[in-house]
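Here the structure comes first, spelled out in structure tokens, and everything after it is commentary.
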Amino acid sequence: MSEAFIHLADVRKVFKSRKEEFLAVSEVTFDVQAGELVSLVGPSGCGKTTILKILAGIHSYEGGTVRIGSKESPFDPSKDIGIVFQQPLLLKWRKVLKNVLLPAEILGLPHKESLERAHYLLEMVGLQGFEDKYPHELSGGMQQRTAIARALIHDPKLVLMDEPFGALDALTREKMNLELLRIWRESQKTILFVTHGIQEAVFLGTRVIVLTSSPARMADNISIDLPYPRTLDMKTHEEFGKYTRHLYKHLGMEVGNSDKSGEKSAIK
Amino acid sequence: MNDISKQVRRYGWIILIHLGVVIIWYLWVSISKVPDYVMPSPIATILSLGEDYGWIHNTYVTAVEVFGGYFLAVVAGVSMALIFNWFQLMEKMFMPLVVSLNMIPKVALGPLFIVWLSYGIGPNMLISFSICFLPILLTMERGLREADPDLLDLVRTLRASRWQIFTKIQLPGSLPYLFSGMKVAVILAVAGAIVGEFIASSEGLGYLMMQVQVTMDTAAMFMAVLLITAIGVVLYGIVLLLEYFFLGYGPNEI
């Protein structure tokens with residue numbers, strides 16, 4: 001196997017406030033191969049977002065190594081990273097098309113090519129015909145699709161997604177999961193997908209990396225050997241259940257426990 | 001087509017309601033026994049325009065003071081907000097000073113301005129400026145800080161320059177705030193100019209009101225108030241037009 005696309009080893013991140021130090025990320029080690037879709041899953045506040053921000057170069061880190069790209073294919077963080085956050089963060093005074101073009105404008109990419117690519121991407125995310133709408137005229141799911149198109153406009157090698165569907169309702173979320181898988185296959189990007197939904201993590205990922213909070217550490221790194229293209233049907237398969245059970249266990253949520261506590265509270 | 005009829009209906013209502021108030025005013029004055037010098041009728045008020053009070057000149061003078069003071073306040077307020085935003089140290093040092101200076105009742109400064117600057121259009125413009133400057137500064141300053149931190153992170157990973165962040169994100173994002181401040185400032189600008197004229201002046205609608213008060217020409221005072229209001233309405237209308245231009249659904253290229 002060739003050199004990994006992303007290589008993290010023993011990464012530590014400490015947030016310092018005046019009074020105390022807070023260890024946000026501790027000894028995180030993992031590799032991501034080019035073209036993978038890796039889910040990072042864990043409870044809120046466990047440092048998933050911090051890891052993404054370290055990879056994006058937004059946060060510094062105190063120890064360990066972070067390497068993206070290789071000698072053969074060098075990586076330029078300013079041009080090769082696309083980001084999607086939980087909120088679409090669209091500019092409300094810009095129409096959809098102009099929102100998608102924002103990174104291209106900032107990077108000074110040639111306008112004509114960017115425009116063509118924007119149209120292509122909007123078609124890919126299923127928003128053809130909505131180029132001239134303002135964000136507030138779109139549904140939440142459509143806004144997030146716009147944000148995904150925006151993250152891809154400059155053809156980045158790596159797409160970082162921080163709970164991109166966390167603010168959507170359950171049905172839209174499942175639909176967006178399928179869409180994302182299709183976009184991933186069409187665009188052949190490497191995607192790092194942060195979520196606290198275990199089902200979502202398994203359903204999407206070629207691999208799932210599990211993080212635990214306090215101490216913020218890596219708990220597991222399993223590859224999901226379910227075939228692509230994945231269908232919602234697979235969520236009912238035994239194989240899928242095995243993975244999710246395994247992950248629940250790792251996050252300290254024994255399957256069956258919640259049922260008992262549910263009974264107790266019902267008796268109260 | 002539908003849009004136009006909607007608009008006509010909307011403005012129709014606005015005109016109708018205003019007319020209604022005038023009619024109630026007229027009826028009240030003619031039915032009740034309120035003396036003319038206390039409450040003139042709408043007709044007497046309009047007729048007072050026939051008196052030789054230099055209406056056009058005085059209205060012009062007050063309008064210059066209001067528009068001038070307001071324009072200065074917008075320029076100064078926006079530029080100071082930009083400076084504060086770009087140089088955080090400046091903000092830390094001078095923002096508290098600006099706020100405490102603002103606590104001075106500007107009306108109380110009127111007599112001082114007259115000592116320092118003599119009286120006339122200039123000092124009145126200055127009072128108008130000083131009174132309506134702060135809401136513009138504060139709202140603009142707040143608007144510039146409004147950009148979502150995650151969005152800023154996003155464009156910073158793209159190595160956006162400070163100028164790009166400013167022109168593409170901060171400035172357009174601050175406009176709704178600026179316009180709300182500018183709307184509040186309209187009323188203050190008018191009040192400031194009139195107060196200046198009350199304290200000392202030899203022309204303007206405020207000056208005229210002080211003059212006709214002596215002769216109890218209430219109808220002329222009413223007319224002056226209406227004209228002052230009209231100046232404010234025109235300025236407000238301009239601000240609304242600008243707001244529609246920048247924030248409406250028309251040309252949205254900022």
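The table below gives the values:
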| item | result |
| --- | --- |
| Any hit, segment B:97-111, residues being out of contact with any Phe, Trp or Tyr (no Cβ under 6 Å at 6 or more places or on another chain), outside any helix (DSSP H, G or I), in the same structural domain as B:Tyr177 (by TED's automatic domain parsing) and over 17 Å from B:Met140 (Cβ atoms) | yes |
| Failed condition for A:Gly64, given (1) touching a helix residue (DSSP H, G or I) at 6+ places or on another chain (Cβ under 6 Å); (2) more than 10 Å from chain B (Cβ to nearest Cβ) | (1) |
| Residues being in a loop (DSSP other than H, G, I, E, B) and facing another protein chain (nearest Cβ under 10 Å) - total across segment A:68-87 | 4 |
| Candidate set from segment B:106-165 (those that are over 28 Å from A:Leu109 (Cα atoms) and polar (S, T, N, Q)); member that is nearest to the chain's Cα centre (by Cα) | B:Ser128 |
| Selected residue [out of contact with any Ser or Thr (no Cβ under 9 Å at 6 or more places or on another chain), more than 23 Å from B:Ser161 (Cβ to Cβ) and polar (S, T, N, Q)] from A:Ser44, A:Ser39, A:Ser60, A:Ser73 | A:Ser73 |
| Subset of segment A:13-26 [surrounded by 16 or more Cβ atoms within 10 Å (Cβ to Cβ) and touching an Asp or Glu at 6+ places or on another chain (Cβ under 8 Å)] | A:Lys13 |
| Checking A:Leu107 against (1) under 21 Å from the mean Cα position of the chain (by Cα); (2) among the aliphatic types (A, V, I, L, M); (3) surrounded by fewer than 17 Cβ atoms within 10 Å (Cβ to Cβ); (4) within 14 Å of chain B (Cβ to nearest Cβ), the condition it does not meet | (1) |
| Every residue from segment A:134-174 that is part of a loop (DSSP other than H, G, I, E, B) and within 11 Å of another protein chain (Cβ to nearest Cβ) | A:Tyr134, A:Ile153, A:His154, A:Pro156 |
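Yes/no matrix, rows are residues, columns are (1) surrounded by 23 or more Cβ atoms within 10 Å (Cβ to Cβ); (2) within 14 Å of chain A (Cβ to nearest Cβ); (3) in contact (Cβ under 8 Å) with a residue 24 or more places away in the chain; (4) closer than 30 Å to A:Ala56 by Cβ:
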residue	(1), (2), (3), (4)
B:Ser79	no, no, no, no
B:Leu82	no, no, yes, yes
B:Leu89	no, no, no, yes
B:Leu109	no, no, no, no
B:Tyr119	no, no, yes, no
B:Phe133	yes, no, yes, no
B:Met140	yes, no, yes, no
B:Glu146	no, yes, yes, yes
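The values are calculated or read from the model by the stated rules, or taken from the named source; none is laboratory data. Values in this document were obtained by computation on a predicted structure and should not be read as measured data. Cβ sites come from the backbone with ideal geometry, for glycine too, and all protein chains shown count toward neighbours.
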